[in-house]
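Report on the following structure.
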Amino acid sequence: MSRGSAGAPQGAAATTFRHRVAFYETDAMGVVHHANYVRYLELARVRWMDEHHRPYTDYLDANLNFAVTHVEVDYRLPARFDDEVAVTVWLEWVRGASLRMAYAIEGTNGTLVVAATEHAVVDGEGRVRRIPKDDRQAMARLAAPLD
């Protein structure tokens with residue numbers, strides 16, 4: 001995960017959605033509880049698939065899931081109740097049975113969170129499966145360009 005500036009690299013298919021922080025998402029300090037940012041990542045990831053690849057439900061119909069194997073979250077600034085945040089997601093890479101998504105969550109004061117998730121494709125019994133070749137190739141065309 002890049003520790004530098006946030007945002008999708010040029011050439012990567014990205015999705016941004018806005019979310020207004022609900023009171024129940026905050027903790028006793030009045031800021032968004034850290035676990036809720038992981039929820040925002042999932043919402044963004046599913047929307048990215050809808051907009052750029054194919055609906056996640058298509059994979060479910062094929063008895064495949066993208067199991068989370070790794071999460072990185074770099075908290076920079078807090079979000080508070082009623083703040084509007086913009087969650088941007090893009091695909092960093094895709095391999096035979098795995099992929100990595102990167103995220104930037106922005107608020108009115110700047111970058112709140114920089115994050116990444118890695119996923120392994122598994123069947124309904126939890127066995128690792130290769131991403132179907134056509135899907136893997138389609139996603140590779142959407143990924144961030146290699147440096």
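Derivation of every value follows stated rules applied to the coordinates shown; laboratory data play no part. Note that the structure is a prediction, hence the values are computed from the model and not measured. Every residue, glycine as well, gets a Cβ built from its backbone with ideal geometry; the counts of neighbours run over all protein chains shown.
Of the peptides 122-134, 59-71, the order by per-residue mean of other Cβ atoms within 10 Å, starting with the highest, comes out as 59-71, 122-134.
Which shape class, rounded, prolate or oblate, goes with the stretch 77-123 when its Cα gyration tensor gives a ≥ b ≥ c as root eigenvalues, a/c under 1.5 marks rounded, and past that a/b bigger than b/c marks prolate? It comes out prolate by the Cα gyration axes.
Amide H contacts under 5 Å for Ala79: Val32, restricted to partners 5 or more places along the chain or on a different chain, H placed in the peptide plane at 1.01 Å from N. Semi-axes of the equivalent ellipsoid for the stretch 50-147, computed as √(5λ) from the eigenvalues of its C-alpha gyration tensor and ordered from largest down, come to 28, 15, 13 Å. Taking 7 Å steps out from each Cα toward its Cβ at Leu43 and Thr69 produces label points 2.8 nm apart.
Taking 7 Å steps out from each Cα toward its Cβ at Ala28 and Glu125 produces label points 4.7 nm apart.
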